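Throughout, read-outs are computed from the coordinates displayed, never taken from laboratory work. Quantities reported herein were computed from a predicted structural model and do not represent experimental measurements. Don't worry about glycine lacking a Cβ; one is built from the backbone with ideal geometry, like all the others, and counts go over all protein chains shown.
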Amino acid sequence: MNPEVSESASFATALEEQFSLDSYQTIINTLNNWGIRLYAGVNGGGVIHLLKYLDPLDQGAIETPSFLTIGEYTAGFIPLGYYLGSGKIAASVATTGAATKLICCGLSDAKLHDIPAVYVVPVSNGSTAGFSPLQDTTAYGSNIVMQLRAELPESVFVLDNQITLTEQLSLAKAQLDRSKPVVLVLDNEGLSVSQTGPDIPTAIPDIPVIENHYSEAFLDAFRRETEGKRVVIFVGEEMARYPNATDLTTRLSKVLHGATIWSINGANAVSRDNPYGYGYISFGGNDRAISLYNSLGDSDVLLVVGACPDEYTVNFKKIPASATFHFSNISQAYGFVDNSLRHVVEGRYYQMHAPLDSSLQTLIDDVAERPFTNIPTEPAPRNLNDLPFDNARGNYADMAALYQRLDQWWPQGSIGIDDTCLAYKDRQYVTQRPNNNIRFYSLYRGSAMGGAFGVAIGAKLADPDRQVFLFTGDGCFRLFSGSLAEVSSLGLVVFLLNNETFGIVEQGLRKVLPDVGTAYYHSRLDAVDYCAIARANDWDAIRLAPDLGNLEEILRKVNDRPSRSMLIEVPVDPNQVLGKNPRLKNL
């Protein structure tokens, strides 16, 4: 059979099925076929005809397309946590106008961390342009489609016609397959117009993912460049998406005798038992890892495995190695310019687009067969920091002691989320190495305070039997506390760090503006009874004693896996500085 005839016939069949259904049911059915079951947001005028096809979410196993009603700001982050927790795609939904803006903070982090997610938003009917419609999204109002396309030029799809609906959805699916978030814009006026079908079916463009499979030339270049040089391995968050990542990176470190460093999320691709693990790099980074990276020069080769050299990782410093080898399998990933990292490399640059697991396995096998002649690195010292931890003042919990105790306790298979608070700087500095029992994530590139609450919800909904922990600050809490009630029965555990300040701001300005009075830091927060707020929303709540005297009791209660979500308020000393913030030098 002629392939073109077959494709045309299949497209015609899809159109015939499409026109027999309501356009909105077609959208839900199509996304369901992609495996999308979870939707989160708030219903309203622009999306009521879409959401009527979704079941209310019962917070158990999600088997049918279901909707969680929850505030839009939090809803925008739920698909990110769902993907990090399961590798599956979810959707966030908002109605016209301001609600669309609220979910877009999550959309930004999806872009900045290469997380596929679907955002569904409506627009004002075209016929209302110039008539000042409520929540005007036309060119006379917010001009929202142009705003969205400014951030996602290739990932905004206007669904305004039954004839082109299947084509537009197919193009959106192609972007999701490239780890890109997409926006589906509902033009309700266009979708409601009954169509009889086009005279000539529109062809759906075939946009294949381009992969350069592992080549002998790349391997030969790596062998040649590493001769007589030190090899440093830099692991990033893309590698953490592979199920055997920790085993592969450990074996790679061992066969190359290569010192290994990692980014905040790249830690999830590294085993605590890796003997060459030198620590987290840069923001909240460990002294040994930072010193190692700063020592790179003409006698070194850097092997980048799925990493992005963002500000919190390399702090605008170009990679100074004699040669940089870069493994990635996300086309046009965030941080890329012209689909590469060449712009942040001083020496020679080699890039390989291929699945990271197969690439590393090939490299490991080649080294095992013909050992490389690179200079071995000594295994990492036990202590990756140079100085003892700061102490906390009286009446405050010692955060270093708390993180160390929790590091010994984390339940196997759990997930932790760090919000934009002191935790996303301090925890990794104190614990130094990844914990094999728990994966920790931080969506730090957008640094949206309070967004981690939605991420934690998404991770919990991805697997309700898994324990999910959130570290958030008292400043962050103010952005999501209105959505506590909707997830009171989810079993989340939230550590709320209460220091009555915007802690990152205050600690930073003491160094950046030492001669300015602290009142002019504008970083203070009023005292709030957070436990009372949590209990009012049907959560369990408890205050951690400053001497950690009730910590074991709290952990025993968490081990019992209560069905109600729990808030643990921690009194934090804003003057206890733990993790480093190299970004301050830029300010």
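Can you check what the net charge comes to around Pro546, using other residues whose Cβ is under 12 Å from the Cβ of Pro546 (Lys, Arg +1; Asp, Glu -1)?
Numbers: positive: Arg393, Arg543; negative: Asp398, Asp547, Glu569, Asp573.
Once all neighbours under 12 Å are counted, the net charge is -2.
Projected over all directions and averaged, the alpha-carbon convex hull of region 545-587 occupies 5.0 nm².
Could you work out the local net charge near Glu346, counting Lys and Arg as +1, Asp and Glu as -1, over the other residues with Cβ closer than 12 Å to its Cβ? Let's see the in-between values first.
Details: positive: Lys317, Lys318, Arg342, Arg348; negative: Asp298, Asp300.
Residues near Glu346 contribute +2 overall.
Considering only Thr128, Leu102, Pro371, the residue lying farthest towards the positive end of the dipole of the chain is Pro371, judged by Cα position with unit charges set on Cβ. Mean sequence separation of contacting Cα pairs (under 8 Å, at least six apart), scaled by the length of region 216-369, corresponds to a relative contact order of 24 percent.
From the helices alone, meaning DSSP H stretches of at least four residues, give me the mean residue ellipticity at 222 nm for the chain, per-run term -39500 (n - 2.57), in deg cm²/dmol to the nearest 500. Mean residue ellipticity at 222 nm (helix-derived): -10000 deg cm²/dmol. Counting only Cβ charges, +1 for Lys and Arg and -1 for Asp and Glu, the dipole size of region 216-369 around its Cα centre is about 300 debye. Considering only beta bridges that DSSP places wholly inside the chain, some 5 percent are antiparallel. Taking a quarter of the surface of the Cα convex hull of region 399-586 gives a mean projected area of 10.5 nm². With neighbour counts taken as other beta-carbon atoms within 10 Å, the residues Glu369, Glu346 rank, fewest first, as Glu369, Glu346. With the biggest extent put first, the Cα atoms of region 325-393 measure 50, 35, 25 Å across the principal axes. Once C-alpha pairs closer than 8 Å and six or more residues apart are averaged by separation and normalised to the residue number of region 18-109, the relative contact order reads 32 percent. Restricting region 227-278 to GluC sites (Glu not before Pro) that sit in a DSSP loop and have at most 13 other Cβ atoms within 10 Å of their own Cβ leaves Glu227.
Quick one: plug the Kirkwood hydrodynamic radius of region 3-192 (C-alpha pairs) into Stokes-Einstein at 20 °C, 1.002 mPa s, and report D in µm²/s.
The Stokes-Einstein estimate is 128 µm²/s.
Figure legend: label point modelled 7 angstrom from the Cα of Asp560 along Cα→Cβ; residues of region 527-544 with amide N under 19 Å from it are 535, 538-544.
Listing Trp410, Trp34, Trp262 from fewest to most neighbouring C-beta atoms within 10 Å gives Trp34, Trp410, Trp262.
Taking a sphere under 10 Å around the Cβ of Gly126 and counting the other residues whose Cβ falls inside, with K and R at +1 and D and E at -1, yields a net charge of -3. Can you put Ser132, Ser142 in order, fewest other beta carbons within 10 Å first? By the 10 Å Cβ count, ascending, the order reads Ser132, Ser142. Placing one equal scatterer on every Cα of the chain and applying the Debye formula, the log10 ratio I(q)/I(0) at q = 0.08, 0.09, 0.13 Å⁻¹ is -0.60, -0.75, -1.37. The chymotrypsin sites (Phe, Trp or Tyr not before Pro) of region 321-410 meeting both criteria, a DSSP state outside H, G, I, E and B (loop) and at most 16 other C-beta atoms within 10 angstrom of the site's C-beta, are Tyr334.
To the nearest 0.05, how large is the calculated FRET efficiency for Gln361 and Arg466 if R₀ is 22 Å and r is the Cβ-Cβ distance?
Details: r = 28 Å, r/R0 = 1.28.
Here the calculated transfer efficiency is 0.20.
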